[in-house]
Every structure is written in C-alpha cells, then in structure tokens.
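Q: Here it is: the structure, laid out below.
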Amino acid sequence: MRAADRAWIATAATLWLLVAGVWAAPGAAGRGQPEGAAALVTTLASGRVDLEARRDILDAPVLPGSVMKAWTLVAALESGVIEPGTARLCRRTVVVEGRRYVCAHPDLKRPLTPAEALAHSCNDYFVSLAPRLPRGVLDSVRLAAGLPALGAATPLAAGLVGLEGPRVSPRVLLTGLARLAGVQPEGRVSMRAETRRVLLEGLRGAATYGSASALASTAGGALAKTGTAPMPGGGHLGLVVALAPAAVPTRAVVVVVPGAAGLDAAGIAADLLAAPPPPPPSAAPRPASPGPSAPPPAAPAATPQNVTDVALRAASAGTTVRLGVTTRGRVRVQVVALEEYVARVVAGEGQPRAGDAAQQALAVAARTFALANRGRHQREGHDLCDTTHCQVTRPSTPVTRRAALATAGQLLLTAGRPASIFYSALCGGRPERASEVWPGAEDYGAPPEDDDACRSEPAWTSDIPAAGLERALRAAGLRGSRLRELRVVQQNATGRATRLRAEGFSPNEISAQDFRMAVGRVLGWQHLRSTQFDLRRTSAGYRFTGRGFGHGVGLCVIGAGYRAARGETGADILGFYFPGLSVGPLGSAATSAAAPAPPRAPAPAPP
C-alpha cells in the first residue's frame, strides 16, 4: 500500500468520526431532531464524492437561511437595484413585512458595500432590497442555479434571506452555489463580469473575516457562505457551503449541524478542507472481503473512550453554569452541567486533533476560568457567554468529553481558590504576563521566558490600508482625519508592542492592545493576530509582520498540542504554563504561597 493511500485512509477515518458522530447536537435527542453533523466533500472536476456522512440530512429539504443571500446579491446587481459600490449603514434591528430582523455581525460604524454585506451576512442590507427587487429576476437566478423559484406566495423580504420559501436539500445547495460562483463544470450561471467579481469578493470575505471566518486558515483561502435556519420540528441548524481554494476551486464541501449555528458548521468544513483529497480510485486499496463465516463487527464497549453527557452530568455533582447562547442576535440562557460545559469549551477553543494531554490541560484551564468568572454576566441573567468575551463553545466530541471526565473537578488554584487565569491560541514562542496585557491583573509567578514547543509556527504578515487604520483609530476614540505616520514607540521584555504613536490623531498615542482590539472590531481579527509585531510603511498603508495569535498569557493551546505530541502529560503542560499555581479540587491547599484574592478577571482578547 502506498504512503499516500495509508495517509488518506487514516485521514478519512478521522474525518468520518468528526462528522458522523462526534458533533452531536446538545439536547437534540428526544425532540425529533437528528443527532450528528452531515457532511459532503466532492472533487469539482470529476464530481467524485470524497466523503459523505449522514445522507438522511444531506438529502432532506431545509430552508437555506443566509446561504440564500448569495442569490439575492446576484439578482440585485443584475437588475440594477444596486451597483457594486452601493453602500448602506446597518440599522442592526429592522422590522419588514411585520417580521423583526436582527444583525449579529460586528457594528463597523460605517456603511457596508454589497460584498461586505454578503461577507458579514447583514440581514438589514438584504431585506432592504425587498421593495425594489423584481421577484422575477430573483426567480430566474435561482432557476439558473438549479433551485426552485421563490413563488408568489412567499413574503419577499423573508425569501431574500432564506427564512421563507421552497426548501432545498444541502446537496442541491452545494451544486447551486458552485454554479452561481462559476466553478461547476456544467450549469454555470450567466451574469455580468462585475456581478461575478462582487459575488466572489463577498464569498471570499465571508471565509476570511466574515460569518465563515473559521475557514480563514484554509490553504489558498475559500469561497463560502453560512446560514442558520429553523428546522421543521423546532430548533435551528447551522449550514455552510464552501469551495476551495479561493482562486480556482477544486473541492466543494457542505456541512449541516443540527442544533448549532453556521459558524459551527464552518469550523467542521475547515477541518474537512484541511485534509488532502483521496488518491485516484484506481490506486485506492480494496477492502478484503470478510467471507461468509466472518462474524459481524462487535458493538463498541462502554469504555472511557465513549463518554456520554450523562456521565459528565454525574461527574458535575450538581454544579451548573448558566450559559448565555447567542443565536441570530438574541441571547437565550441554557443551564449546563459544569463538565458538559467544559467539554463544549474544549471543542470550541482547542485543537480537534491534539493529543489527550493537551485536551486535558485545556479542560482544567477552561474549568478554572469558568468558576473564577462565574456570574460575569449576572446583570444579563447568566454566568458566562459563548463568545470570545468569555469562552467559545461548540458541540462536544468524544475527545473533549473524555478530557472533561478525565480531569473532572480539577482546577488551577491559588490559596484553595480558582485562579484568574487565561489562555490563547499561540504565544509565538514568548509567553506573556497577564499584568502586561491588563494592568492590575494577577501574575502567579514568572511565566517561562521561552516556549520552544511552538517556535516552528510561521510568522504572519498583514497589509492594512491607511484608510482602514484611520477608521480603527477613530473607533478607538482618537480624533483625526489623516494618519501621517504610525510607529511602535514602546515594546516590553517579550518583544510585544505596548504603545504606538499615530501622528495626525489626538491623542497621538494608543496602547498596542487597544489598537489591536480596534483593528479587530473594525477590520476583522485576522489582520493583527497579536501585539508581537513590527510594522513598516508601504505605498498604500502599513505592513505588519508578527508572531503568535492572541494575547499570549497562560496556556498556549497550539504549544500544548506540540508538547502532548512529544510525550508530555497534562500535568507537565500545566506546570510549564502556570508555574505559580497548583492543580487540585476546589478548596484544596495550594502548594504556592498564599496570595490575596485576585481582581475580577478582565475580558480576554479574541484569539
């Protein structure tokens, strides 16, 4: 068997587990909803199916949700209702035809272009087209891509954003978007070159900084659109259709996750597209026939490999978290057993394929953060949110449930109390003190000066136009119209920028952390991944070159994965990243010196 064949078989087995069983929707059982994600991966040129899971969901008619905005955009541009430069300021909440629409994308404090509206999935932009967009033009675009016409009985505004109208299967949506984008070998939808340019710009933006930004790390980028739509029996499903690489797509994927949102589906799609395509069929090994006397495969044993939510609830011993879940701009409160919550956080914040030791270290960190910050959103009626302000959650997997159960009740402690700790995606080889990022935060001993485990991670480069930086500076509260010069004027011991000077603005200095936050909120978090950067002027703006992803405080998630791969245990990993803390159950004596109660933990930066 060739090495390529062995690699594909191993990858396919991992991905099958990823989509077929491990992304079970929390609480879906008993409500008539199917459990587990559905996924289809195809090679565009040949139409070959590379992976297929949950055919029952792939072929079930569903509302497309915001995926339909791609068709709406094309119809609006082709009819002349909007031009490529037609910008609109999002009103955040709007009532059209008696229905209330809420926008959940970041408030950019400026008008959105058509491509940006598609990338950010702006409901206000698209429902505002209803009074002007001819229904016949939309139907012709839908029919050309293989979708049924909207029909005269469908309320137009709801139809434009995929919340009313004919239901179509995810399999049909995959083919339809490939035709619309012009990458399907047959059935390419005819449109003006300018329309196609704006469409592709919006789909690329969705996969870079918008609603499908979980795909931003995909090699060569992607074209994508997410959707979150109601299910017939109640609840919602998350959906994403993606084509990759962005320049000349060769592969297509659709993922559907019952009980979740489009961003959850995009995360699974990113993992699927990261895998290489299988070898040609002629080279693929044939499975051996079991023969007539071969016994049927045994059912999986009830071992620690198959941890259930029931086991996690039992391990929680009655401790729960009131979790604020944001869906379509609204927050609903879920009461979740502590260890179930930890398993979801490890799925949302960790690396799916990292070793058990790394998963367990993150589980202890996530549990500690949860109990140290319990009641953070008390005024809103819950303890913690499911965004980067607190901890991101996704449906748990067998791996993350196993990590939660293996470490159940274990915390990072100071004087017997949960410590105010943090973690980030990648420290860039130089762990940071909490007090360097958030003045007044508690430092529990000196962090290691060097993290050799993640030194091999490549540096990043980001070119940002001057106009974008000016918008970010104004969003941060600085006053000015033209940025004459931007430079780093202060760095700390780890080489991270701490202060920048912005000539032409008042005040003319800003902390690097505030600057990064402003750039992230206005332009997207992918531009400045950390404050560990240098910058130089270019003809159009500034080029930032840096390392790491996030603030670099506490546990380095990617570094922990490398450490697990080279044989370190969960205790080894926690001891390296949190040298001043002990690990044990709540109330146990800490091995480090007693310290005064730490201040309320500040909001962690998005990774």
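Q: Considering only protein heavy atoms, what is the solvent-accessible area of SER213 at a probe of 1.4 Å, reported in Å² to the nearest 10?
A: It works out to around 60 Å².
Q: Order the following by accessible area, largest value first: SER424, SER481. Probe radius 1.4 Å; ligands, DNA and RNA are ignored.
A: I get SER481, SER424, largest accessible area first.
Q: Would you mind checking which residues have amide H under 5 Å from TYR542's amide H? H placed 1.01 Å from N; only 5 or more apart, or other chain.
A: Hits under the 5 Å cutoff: ILE464, ALA466.
Q: Another question, if that's okay. Give me the percent of the accessible area of segment 377-441 that comes from carbon and sulfur atoms, probe 1.4 Å, all protein chains in place.
A: On segment 377-441, the fraction of accessible area on carbon and sulfur atoms equals 48 percent.
Q: Another question, if that's okay. Below 8 Å between Cα atoms, with a sequence gap of 6+, how large is the relative contact order for segment 304-397 in percent?
A: 32
Q: In segment 39-125, which GluC sites (Glu not before Pro) are in a loop and have at most 15 other Cβ atoms within 10 Å, using DSSP for the loop call?
A: GLU97
Q: Also, I was wondering about something else. What per residue convex hull volume, in Å³, do the alpha-carbon atoms of segment 360-433 yield?
A: Taking the convex hull of the Cα positions in segment 360-433, it is 127 Å³ per residue.
Q: Could you give the distance between the Cα centres of segment 319-354 and segment 441-485, to the whole Å?
A: Distance between centres, Cα-based: 28 Å.
Q: Which percent of the accessible heavy-atom area of segment 76-124 goes to carbon and sulfur, probe 1.4 angstrom?
A: 50
Q: Could you sort ARG547, ARG91, ARG204 by accessible area so the largest value comes first, with the probe set to 1.4 Å?
A: Final ranking, largest accessible area leading: ARG91, ARG204, ARG547.
Q: Once both labels are modelled 7 Å past Cα along the beta-carbon direction, what's the ALA459-ALA446 spacing in nm?
A: 2.7
Q: On to the next question. For the residue pair THR93 and ASP572, what label-to-label distance in nm results when each label sits 7 Å from Cα along the Cα-to-beta-carbon direction?
A: The modelled label-to-label distance comes out at 5.3 nm.
Q: OK, next. For segment 178-228, which whole-number percentage of the solvent-accessible area (1.4 Å probe, protein heavy atoms only) is attributable to carbon and sulfur atoms?
A: 47
Q: Hey, another quick one. Suppose R0 equals 41 Å; then what is the FRET efficiency for GLU52 and GLN378 from their Cβ-Cβ distance, rounded to the nearest 0.05?
A: 0.35
Q: Convert each backbone phi in segment 512-520 into a coupling constant with the Karplus relation 6.51 cos²θ - 1.76 cosθ + 1.60 (shift: θ = phi - 60°), then list the ³J(HN,Hα) values in order as whole Hz, x for Gly and Pro.
A: 4, 5, 5, 5, 4, 4, 5, 4, x
Q: Still on this structure, I have one more. Just order 366-374, 509-517 by mean Cβ neighbour count inside 10 Å, highest at the front, would you?
A: 366-374, 509-517
Q: Something else now. Give me the 1.4 Å probe accessible area per residue for segment 73-161, excluding ligands and nucleic acids, in Å².
A: Each residue of segment 73-161 exposes 38 Å² on average to a 1.4 Å probe.
Q: Another question about this same structure. Report the FRET efficiency, 1/(1 + (r/R0)^6), for THR319 and SER217, where r is their Cβ-Cβ distance and R0 is 45 Å, rounded to 0.05.
A: The computed FRET efficiency comes out at 0.85.
Q: Just to confirm the filter: which GluC sites (Glu not before Pro) across segment 122-223 are DSSP coil and have at most 11 other Cβ within 10 angstrom of their Cβ?
A: Here the sparse-neighbourhood loop sites are GLU186.
Q: If you count only protein heavy atoms with a 1.4 Å probe, what accessible area per residue comes out for segment 325-395, rounded to a whole Å²?
A: About 37 Å² of surface per residue is accessible.
Q: What per residue convex hull volume, in Å³, comes out for segment 156-255 when only alpha-carbon positions are used?
A: So the per-residue Cα hull volume is 116 Å³.
Q: Another one. Take the alpha carbon atoms of segment 57-129, find their center, do the same for segment 220-275, and report the distance between the two centers in whole angstrom.
A: 18
Q: What are the residues whose amide H is under 5 Å from the amide H of LYS225, where those residues sit 5 or more places off or on another chain and H is modelled from the backbone?
A: HN-HN under 5 Å from LYS225: VAL241.
The values are calculated or read from the model by the stated rules, or taken from the named source; none is laboratory data. As the structure is a computational prediction, the values presented were derived from the model and not from experiment. As a convention, Cβ positions derive from the backbone with ideal geometry for all residues, glycine included, and neighbour counts pool all protein chains shown. All accessible areas refer to the heavy atoms of the entire protein, side chains included, with ligands and DNA or RNA removed. Shrake-Rupley method; radii C 1.70, N 1.55, O 1.52, S 1.80 Å.
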